[in-house]
Structure formats: structure tokens, C-alpha cells
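Coordinate-derived values only; no laboratory data. Keep in mind that this is a model prediction, so the values were computed, not measured. No Cβ is skipped: glycine too gets one built from the backbone with ideal geometry, and neighbour counts run over all protein chains shown.
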Amino acid sequence: MTDVAGKVREILAEQAVIDVADVTDDASLEDLGIDSLGLVESIFAIEEAFDVQVPFNANEPDAGDFDISSVAAIITAVEGLVADGR
């Protein structure tokens, strides 16, 4: 099984151009320096890495079912998608 948490942290670290060790569970995307374009690129990378469809609307990022409030929330959401096979 894929290490979802580790891979999500790698994707976010790459997007933020920081060390993966600096991607903490309680960090927000803003804390990491990831802007809206970086978020969209991260979503695409997550979809590709896990072969899932992320329910995310770039026009209304806070309105969907995909919680982007923190790194931990993103990991939990991706784990759910992977478990559901979506």
C-alpha cells in the first residue's frame, strides 16, 4: 500500500519548494506558501499519484467536500479517496 501521508507531504513540499520535513500536519497551505495556482497544481499531482478524482472546484476552494484547511485534513481527504477507490 502507498504511504499516502508521505506522498502528499512530498507533493506539497515540492510545490512550496521547501524540505518535506517542514510540511507539518497543522500547517495550512498559506503557511507553506502555496497560492491558488500551487493548490491547483498540487491537486493535479495528487490525482495523478493516487489515480483518484479529487472533488475540488478551483473557483470555490472552500465550498467542496475536499478539506484543504491543513496538511492533516488534506491527507485525511486523500486517504478517504484512495480507500473508496475514487
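One residue stands out among those in the range 36-68 that are free of Cβ contacts under 8 Å to residues at least 24 places away in the same chain and of a type in the set (Phe, Trp, Tyr): the one that is nearest to ALA13 (Cα to Cα), which is PHE44.
Being closer than 15 Å to ILE74 by Cα and either in contact with a helix residue (DSSP H, G or I) (Cβ under 7 Å, 6 or more places away or on another chain) or exposed (fewer than 15 other Cβ atoms within 10 Å of the Cβ) (or both) is true for just one of GLY33, GLY38. Which residue is that? If you could, list the steps in order and put the result at the bottom.
Working: GLY33 fails: closer than 15 Å to ILE74 by Cα.
Selected residue: GLY38, the only one of GLY33, GLY38 that is closer than 15 Å to ILE74 by Cα and either in contact with a helix residue (DSSP H, G or I) (Cβ under 7 Å, 6 or more places away or on another chain) or exposed (fewer than 15 other Cβ atoms within 10 Å of the Cβ) (or both).
Looking only at residues of the range 69-86 that are under 12 Å from the mean Cα position of the chain (by Cα) and touching a residue at least 60 places away in the same chain (Cβ under 8 Å), we find that the one that is surrounded by the most Cβ atoms within 10 Å (Cβ to Cβ) is ILE74.
Please state which one of ALA58, ALA5 is in contact with a helix residue (DSSP H, G or I) (Cβ under 8 Å, 6 or more places away or on another chain), not in a helix (DSSP H, G or I) and not aromatic (Phe, Trp, Tyr).
Working: ALA5 fails: not in a helix (DSSP H, G or I).
From the options ALA58, ALA5, the qualifying one is ALA58.
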